[in-house]
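Nothing in this text is a laboratory measurement; each read-out follows from the coordinates by a stated rule. Since the structure is predicted, the reported quantities are computational estimates derived from the model, not experimental observations. We place every Cβ from the backbone using ideal geometry, glycine too, and count neighbours over all the protein chains shown.
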Amino acid sequence: MTQEPQGRSDGAASTVQKDGTLSVTDNRTGRSYDIEIKDGTVRAMDFRQIKVDEDDFGLMTYDPGYTNTASCRSAITYIDGERGILQHRGIPIEELCEHSTYLEVAYLLIYGHLPTEEELSRWVYDITHHTYVHENIKSFMDGFRHDAHPMGILLASVGALSTFYPEASDIDDEEQRNMAAIRLIAKMPTIAAFAYRHSLGLPYVYPDNDLSYTGNFLSMLFKMAEPKYEPDPRLEKALDILFILHADHEQNASTSAVRTVGSTRADPYTAVAAGVAALYGPLHGGANVAVLKMLQRIGSVENIPDFLETVKQGKERLMGFGHRVYKNYDPRARIIKSHVDEVLEATGKESPWLDIAIELEKRALDDEYFTSRKLYPNVDFYSGLIYEALGIPTEAFTVMFAIPRTSGWIAQWMEMLRDPELRIARPRQIYTGPRDQRYVPMSER
Ligand SMILES: CC(C)(COP(=O)(O)OP(=O)(O)OC[C@H]1O[C@@H](n2cnc3c(N)ncnc32)[C@H](O)[C@@H]1OP(=O)(O)O)[C@@H](O)C(=O)NCCC(=O)NCCS
């Protein structure tokens, strides 16, 4: 038995022993069972032995939305939702934002340790030298309508990468897995920037290997006629911090999608495309777009009380608030908030929405409706304001999330492949429909 295991990534910290047994009595049969508790968790399959008779399938657990089901063991990201703590490989997110870079964090997530100087320079070199995409990717991107959503373009293009690198389907080959990791992290900003330029009808800008990861991305987004784009170091740094903050967040919807598709032994490009697809949804990666639209709809600070009233009446949600795991201030939101002013200063822009956001947060945190439900700002509440200040159009916000999350998806995919307990993801259901019906011919319906 262990005390205080590294344990569940959910803030269920306590000094009580987490291991032991659970005694369950089935009142239908009067029989009792001892179920093992390990890391504060019971195995759903241990309940299958609980049957009313030999023909019984056995007890299942029901958990729509997987709100209380651990789908894997993971050593990548730790979240204590009650206390608002986020750590990657044990290192607090605040320390990573202060001392590290996005590419170093990507290495940390994937390989499990901070790189040595030599490992880091090799890693940065490899990523920098795989940023180009095959010219055919450019041509098929041209096939999208001028107003195609950049997430749709990204989704299709990342999936298509698997056709350019068919060797990546050899997922048991470590070399291939590493190459796919490098290629995905390297090419994601290129595809994202091409998608953005496509929507504006602007020519694509090729990667510039002299620039940093974020500096090159800014160049591919915004370079016009100048021979060399010189990114503002403040914006480069702010974007790098945003990328660190979005790199991984354990078993969220998109990561679970990557793991689900990956569990079928699909190649990594296809698995990551599933992650992009899940991130597209407004309740996940699309929330920062919804936040900005909400702030625009509110329009001015005076309208905040009326808006909050409609939220409390359940007519709409305060976007950027609330989180399945955080029942406290999302630590990422705190860090982003501290960088909004810096970005505005660097761009020389004024955000008409910042005052509304700050006042909205203040009032919500003063309101019993939100405090009693433990609804606090999440990562999306302020990220949209920074993206807007950077000149990124709203439709491209989710793409800005997908770029850094790629390293988390890959880290989780690689960890999954090494898991001795890996099985194809295949949930059960409770069937509620009719049985043994007769097929009714068309003439009798
Ligand atoms: C993130 C989110 C989907 C988590 O949902 P969840 O864990 O399933 O939480 P629930 O939907 O069960 O909400 C619990 C309660 O809080 C309320 N609630 C949750 N988020 C709310 C929000 N943003 N605004 C108003 N009320 C909210 C629910 O109405 C519910 O109230 P009730 O108990 O009176 O019915 C949800 O908080 C949300 O929709 N937030 C806005 C979208 C967003 O910012 N997403 C980005 C996440 S990083």
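Taking 0.36 nm per residue of sequence separation and removing the Cα-Cα distance, the ASP210/ARG234 pair yields an extension gain of 6.9 nm. For the stretch 320-445, what does the relative contact order come out to in percent, with C-alpha contacts under 8 Å and a separation of six or more? In percent, rounded to a whole number, it is 32.
For the chain, modelled as a GNM whose springs connect Cα atoms under 10 angstrom apart, the maximal fluctuation among THR41, THR432, THR101 occurs at THR432. Scaling the Cα radius of gyration of the chain by the globular reference 2.2 N^0.38 Å produces a ratio of 1.08. Applying the criteria of a DSSP loop state and at most 15 other Cβ atoms within 10 Å to the GluC sites (Glu not before Pro) of the stretch 296-352 yields GLU316, GLU350.
Looking at the square roots a ≥ b ≥ c of the eigenvalues of the Cα gyration tensor of the stretch 296-380, which shape do they give, rounded for a/c under 1.5, prolate if a/b is larger than b/c, or oblate? It is oblate, given that a/c is not under 1.5 and a/b is not larger than b/c.
Highest mobility in the GNM of the chain, judged by mean-square fluctuation with C-alpha springs under 10 Å and restricted to TYR280, TYR206, TYR125, is found for TYR125.
Per-residue ellipticity at 222 nm from helix content only, as computed over the chain with -39500 (n - 2.57) for each DSSP H run of at least four residues, stands at -15000 deg cm²/dmol. So if R0 is 35 Å, what FRET efficiency would ASP366 and ALA70 give, r being the distance between their Cβ atoms, rounded to the nearest 0.05? Working from the Cβ atoms, E equals 0.50.
Modelled label positions at GLU36 and SER300, each set 7 Å beyond Cα in the direction of Cβ, lie 6.6 nm from each other. Here, the stretch 314-445 yields an orientationally averaged convex hull projection of 15.8 nm² when only Cα atoms define the hull.
Between amide H atoms placed 1.01 Å from N, distances below 5 Å from ILE76 occur with no residue 5 or more places distant or on a separate chain. Residues whose amide H lies under 5 Å from that of ILE37, counting only those 5 or more places away or on a different chain, are GLY20, THR21, LEU22; hydrogens are built 1.01 Å from N in the peptide plane. Scanning the chain for long hydrophobic helices, with DSSP H runs required to stretch 20 angstrom or more by C-alpha along their axis and to average at least -0.5 on the Kyte-Doolittle scale, returns 150-164, 174-200, 331-347, 397-418. The modelled label-to-label distance for the pair ASP63/ASP173, using points 7 Å beyond Cα in the direction of Cβ, is 3.7 nm.
Other residues whose C-beta falls under 13 angstrom from the C-beta of PHE164 contribute a net charge of 0, scoring Lys and Arg +1 and Asp and Glu -1.
Taking the chain as a Gaussian network of alpha-carbon nodes connected by springs under 10 Å, the highest mean-square fluctuation of the residues ALA277, ALA44, ALA192 belongs to ALA44. Each Lys or Arg adds one and each Asp or Glu takes one away; over the other residues whose Cβ falls under 10 Å from the Cβ of ASP380, this sums to 0.
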